[in-house]
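Down below is the structure, laid out as structure tokens.
The values are calculated or read from the model by the stated rules, or taken from the named source; none is laboratory data. The structure presented is a predicted model; accordingly, all values stated were derived computationally and were not measured. Note that each Cβ is placed from the backbone with ideal geometry, even for glycine, and that neighbours are counted across all protein chains shown. Just the protein is used for accessible areas: all its heavy atoms, side chains included, with ligands, DNA and RNA removed. Shrake-Rupley method; radii C 1.70, N 1.55, O 1.52, S 1.80 Å.
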Amino acid sequence: MTSFNERENAFEAEFAHREELKFRVREHAVVSLARWSAQRLGKSEEAIKAFTRETIEVDVTGPTFEPTIERIATALAPIGIPPQEVRQAMDRFVAGAEAAVRQPFLGAFEDPGS
């Protein structure tokens, strides 16, 4: 195999890895937001699970979080939670998801003797 092919394969593998991480971050954040909103709506544990599944199904159809945020903001509006609070919650969940998804990889580089 030529060095060009090796580099090309390495770039493709890195791209696939980054896309997988993005997907995992998004899924984790959407699940967290759905559970957060369902709890505020006072749903039972079974209803929370169903609401979370529905939210994930709706989210995967769009390229951005916006339809998911709008859907949840609409559900929370009757109990007085403004869309801005939903957006802030999503920002927190994305940040937490990024840390959670990347944390196992960071541990691989730590000195075990420390």
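Listed by first and then second residue, the pairs with beta-carbon distance under 6 Å, at least 6 apart or on different chains, first residue in the stretch 10-22 and farther than 22 Å from Phe65 by Cβ, second modelled with pLDDT of 90 or more, form an empty list.
Applying the selection to the stretch 16-26, what residues are touching a helix residue (DSSP H, G or I) at 6+ places or on another chain (Cβ under 7 Å) and of a type in the set (Asp, Glu)?
none
Apart from one condition, Glu110 fits all of (1) exposed (fewer than 11 other Cβ atoms within 10 Å of the Cβ); (2) at pLDDT below 85; (3) touching a Leu at 6+ places or on another chain (Cβ under 8 Å); the exception is (3). Among residues of the stretch 38-60 that are open to solvent by less than 90 Å² (accessible area, probe 1.4 Å), those with a beta-carbon under 7 Å from a residue that is not in a helix (DSSP H, G or I) at least six positions away or on a different chain give the pairs Phe51/Lys43.
Quick one: would you say Leu76 is within 21 Å of Ala97 (Cα to Cα) and touching a Ser or Thr at 6+ places or on another chain (Cβ under 9 Å)? Give the steps one after another, and end with the answer.
Working: within 21 Å of Ala97 (Cα to Cα): no; touching a Ser or Thr at 6+ places or on another chain (Cβ under 9 Å): yes.
When the stated conditions are applied, Leu76 does not pass them.
Taking helices (runs of 4 or more DSSP H) as the structural unit, those lying wholly within the stretch 1-76 and holding at least 3 residues that are modelled with pLDDT under 95 and of a type in the set (Asp, Glu) correspond to 3-40, 45-59.
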